[in-house]
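Below you'll find the structure, written out as structure tokens, and then a few comments.
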Amino acid sequence: MRKLYVIMVGLPARGKSTLAQRIREALEADGRQVAIFNNGDLRRRLLGSMSTRPEFYRPDNAEGRAMREDLCRRNLEQARQWLAQGGDVAILDATNVSAQRRALILEELQDHPALFIECVNEDPLLLDLSIRAKARLPEYASYSEEEAVANFRERLGYYEAMYTPVGDGPEHFWIRVDSMANRILQEQPCETSPMYPAIREVLVCPWVRSLYLVRHGQTEFNLAGRIGGDPPLTAKGREQAQRLARHLRGERLDWLFTSTRRRSHETAAPLLAERPDLRCLALKEFDEIFAGDCEGMSYDDIRATMPQVTMQRNADKYGYAYPHGESYAMLQDRVRRGVMRVLFLAKDSPIIIVGHQAINRVVLALFLKHRKEDIPYLNVPQDKLYHLSVTPQRKVFERISY
Ligand code: F6P
């Protein structure tokens, strides 16, 4: 069996380390011996805070460059030893954005093939949030958040200045992957490696470690049969929200995502009150289907005053868009973007999404591959939650009453 070096490439905060860990996990599940060699960890261990300053990364800082190159060589040496001593795959986790750095890697590692995986992702919201998360790392402990962010952005600028995409550099085997959308953009396959298909699968598989999906509790509009709007929860809805928080006690949750609507926030409130460390983000992508001219109306009012809407929607509920509003078909793109953002941000930590009826139908369909005409009829009750876990090794789907 041929051994392999996997070299991550990409600007900071593009999801390289998460992908490196997933590749390790998937290959280990196939019985391979895999280790990750991370330049950043080594840098922090050996150089400490002097390597946090942005000047350290300035391309014209000869001393900084020599130190970074030295760290890189040490990791390359450890990776080479790992393969020589019985390991199957050594993953080098670092930015490796310059062609010159990648030439050095290829020069040093000639004993086995090297597959370069470049992670790209230019989603401005994710980058901003990822940079803020970096600014909270221990190495920035002595900085204010704004100082740390400015400092990190300056470092990013230096990396950008020396960036050469894979394919334009010296590498022979490479994959460019959109790390938010789990999509391979371009590749030069390493067909001789028996591990290549499994690595590819990791890059394209939506990876959901643990996702709870709930609908908001009962609202005033639900009682009246009215749609859309921004109504508050009823007393029963608030009780459902309390029950949800009680039910999830003892479950690890790192991230909570809501829509921007009041009913979604009110449902999340008891959970947040119990878990001060739960990170929380409201995404417009999860706002309920927009009923346009019919917002706030009841289904009976629509039938009576706009019978063509009811008729056409009944004939094709998936494809029909409300006048000046949305269809399920239109929802799919924005909900997919929301889910991709969520999975990128939360990495592999457990998450909960407090969504809406139509939104949750579309989220479920993304993972469970329903026929599109069935999506608008999926059952999304207000007292049950869905729990999903999807990786190349594991597919779990449960519906649980609370
Ligand atoms: O009735 C609650 C609700 O969330 C409405 O706001 C929304 O328009 C509707 O469900 C979506 O369900 P359907 O597509 O079945 O009308």
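The values are calculated or read from the model by the stated rules, or taken from the named source; none is laboratory data. Treat the numbers as computed from the prediction; the structure is a model and nothing was measured. Virtual Cβ from ideal backbone geometry, glycine too; neighbours counted across all protein chains shown. Surface areas here come from the heavy atoms of the whole protein model, side chains and all, with no ligands, DNA or RNA. Shrake-Rupley method; radii C 1.70, N 1.55, O 1.52, S 1.80 Å.
Observations, loosely collected:
- The Cβ shell under 12 Å around residue 132 holds other residues with a net charge of +1, Lys and Arg each +1, Asp and Glu each -1.
- Compared with the direct C-alpha span, the chain from residue 161 to residue 400 gains 81.0 nm at full extension, assuming 0.36 nm per residue.
- Modelled spin labels at residue 333 and residue 81, positioned 7 Å past Cα toward Cβ, are 5.3 nm from each other.
- Computed about its Cα centre, the charge dipole of the stretch 3-105 is approximately 160 debye, with only Lys, Arg, Asp and Glu carrying charge at their Cβ.
- Seen against the Cα atoms of the chain and their longest principal axis, helix 145-161 is set at about 60 degrees.
- Cut-off 10 Å between beta-carbons: net charge of the residues surrounding residue 350, Lys and Arg +1, Asp and Glu -1: -1
- Alpha-carbon Rg with Dmax, taken over the stretch 3-152, Å: 15.9, 46
- Cα centroid separation - the stretch 287-317 against the stretch 206-235, whole Å: 19
- Within the chain, percent of DSSP bridges classed antiparallel, to nearest 5: 35
- Inter-part distance where the stretch 1-49 and the stretch 107-139 are each reduced to a Cα centre, Å: 10
- Rounded D (µm²/s) - the chain, Kirkwood Rh over Cα pairs, Stokes-Einstein at 37 °C, 0.692 mPa s: 140
- Estimated FRET transfer efficiency when R0 is 25 angstrom, pair residue 147-residue 348 (beta carbons, to 0.05): 0.25
- 0 to 90° range, to nearest 10: angle between helix 235-247 axis and the chain longest Cα axis: 30
- The stretch 250-402 - accessible surface per residue (Å², probe 1.4 Å): 46
- With 0.36 nm allotted per residue and the present C-alpha distance subtracted, the residue 122-residue 377 stretch has 88.3 nm of extension available.
- Within the shell of other residues whose beta carbon sits under 14 angstrom from the beta carbon of residue 108, the net charge comes to -1, with Lys and Arg scored +1 and Asp and Glu -1.
- Element breakdown for the stretch 101-224 at a 1.4 angstrom probe: carbon and sulfur atoms account for 51% of the accessible area.
- Cα gyration tensor category, rounded, prolate or oblate, for the stretch 52-131 with a/c compared to 1.5: oblate
- Linear extension gain, residue 30 paired with residue 100, 0.36 nm per residue minus alpha-carbon span: 21.8 nm
- Taking the longest Cα principal axis of the chain as reference, the axis of helix 328-346 is set at about 40 degrees.
- Which listed pairs, of 347/384; 284/395; 347/395; 369/395, have C-alpha distances above 22 Å, in listed order: 347/384; 284/395
- For the stretch 160-234, the solvent-accessible area works out to 41 Å² per residue, with a probe of 1.4 Å and every protein chain left in place.
- Rounded accessible area per residue of the stretch 1-148, 1.4 Å, Å²: 44
- Placing +1 on each Lys and Arg Cβ and -1 on each Asp and Glu Cβ, with no other charges, gives the chain a dipole about its Cα centre of roughly 940 debye.
- Inter-site label distance for residue 136 and residue 46 at 7 Å from Cα along Cβ, in nm: 3.1
- Computed [θ] at 222 nm, deg cm²/dmol, the chain (DSSP H ≥ 4; -39,500 (n - 2.57); rounded to nearest 500): -13500 deg cm²/dmol
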